[in-house]
1. Using a 7 Å offset from the Cα along the Cα-to-Cβ direction at both Glu211 and Glu363, what is the distance between the two label points in nm, to one decimal?
2. Could you please report the charge total around Gly201, scoring K, R as +1 and D, E as -1 over all other residues with beta-carbon less than 11 angstrom from its beta-carbon?
3. Kindly express, to the nearest 10 degrees and within the range 0 to 90, the angle between helix 10-19's C-alpha long axis and the longest C-alpha principal axis of the chain.
4. Leaving out same-chain residues fewer than 8 places away, which lysines sit with a Cα under 23 Å from that of Lys294?
5. Can you give the Kirkwood hydrodynamic radius for the chain, in Å, rounded to one decimal and based on Cα pairs?
6. Multiply the residue gap between Ile276 and Thr104 by 0.36 nm, knock off their C-alpha separation, and tell me the result in nm, one decimal place.
7. How long are the semi-axes of the ellipsoid equivalent to the stretch 2-104, from square roots of 5 times the Cα gyration tensor eigenvalues, in whole Å, largest first?
8. Before rounding to the nearest 500, sum -39500 (n - 2.57) across all DSSP H runs of length at least 4 in the chain and divide by the residue total; then give [θ] at 222 nm in deg cm²/dmol.
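Read-outs: derived from the displayed coordinates by stated rules, not from any lab. Please read these numbers as outputs of a predicted model, since none were measured by experiment. Don't worry about glycine lacking a Cβ; one is built from the backbone with ideal geometry, like all the others, and counts go over all protein chains shown.
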Amino acid sequence: MRVIVVGAGKVGTSLTAQLIREHRVTVIDQEPKLIENIINVYDVMGVCGNGASYEVQKEAEVGKADLLIATTSSDEINILACLVAKKLGVAHTIARIRNPEYETQLRFMRGELGLTMSINPEKAAAHEIARVLRFPAAMKLESFSKGRLELVEYRLPEGSALDGVRLLDIYRNARARVLICAVSRKGQTTIPSGDFELKTGDKIYVTAAPEHLSAFFQYLGVFRKKASTVMIVGASKMCYYLADELLHMGMSVKIVDQNEARCAQMSEQLPRALVIMGDGTDSELLAEEGIDAKVINIHTIKPLDTQLIAASAKKTGRVVTVEEHSVIGGLGSAVCDALAEKYPVPVKKLGIQDTYGESGPAEKLLEKYGLDVPSIYSAVRAFVG
């Protein structure tokens, strides 16, 4: 298939790297350096010019392409590029559209302008953050049937209430209508029957309506406290999409930004959110909003800045260490030794537990050892209470 990519920025370059494996790709961008870089790295054709220009698209032979994807930082250029491409005879067009003002017009763009699809990285990222807040311990969450049904992937941790329990007993005792439709154990996936017994480390795939999923995880004791108030620093496009989704989930949202114009715009777009003009890194402002935490980047264990660790522990009262290393003899152990001598406080060590290491994709290993974002979030929430 012949594909035209308009925009050689980060998104366009990343997309090109994926597409050239199976398709012929032509890249259009106004910046000569970007075009030079991309044709030197990848086996693609490059055209320098405005991707929304009729003449430039003709030079790139857009009319002979099967698909055009517009990925520039300008929504307007992306929409116009797709419109011109459609007039030149391209069957399918995809535009990167990020502005919330265009959200309500997407149906019109598809129906009247012939836009095949729109992509919104900020909205997708906001949806993922909202998912983490709603189901912190879930590894993945997918929605079906316009949100009426959800599928959650969840790994059973050590000490789970489901360890050694048959599915039939779960269905009898849990006051929620859920279906555990698949179980993955040691790389093998099983469609379980009612007599199937769950074990620690199993990945279970649970499907149900959203309210029943919430009740099921509450039954497990996974989510004892649901986030009710969220503070977002920075009134960006992603902030809008995230705040809008959280408000629909029934959460209270506070937005902090230093720019008066952005605060005014956000107040108008999201009247149910509390918008505060101020510095989101101001410790006094964060303390007023009930957020009191300190993050320390320990760049070396030897020597270890024990005075800094002790001083921070006096302020926070609890310490969480996170490391891509064994919890035995690593950063957590060094911090515990320092605090035991100078200022003993409760410590939670997150890292690779007492087990053999494995090789594999970094993302999968982080999930396996509980060092991905949802796992860390869930562990810290449980520790803090």
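1. The modelled label-to-label distance comes out at 3.4 nm.
2. Numbers: positive: Arg155, Arg185, Lys186, Lys199, Lys203, Lys368; negative: Glu158, Asp163, Asp202.
Value of the local net charge: +3.
3. The answer is roughly 80 degrees.
4. Here the lysines satisfying the reach criterion relative to Lys294 are Lys225, Lys226, Lys254, Lys302, Lys314, Lys315, Lys342, Lys348, Lys349.
5. 24.6 Å
6. 59.2 nm
7. For the stretch 2-104, the ellipsoid semi-axes come out as 19, 15, 13 Å.
8. Numbers: 15 runs with 148 residues, N = 385.
Roughly -11000 deg cm²/dmol at 222 nm, from the helical runs in the chain.
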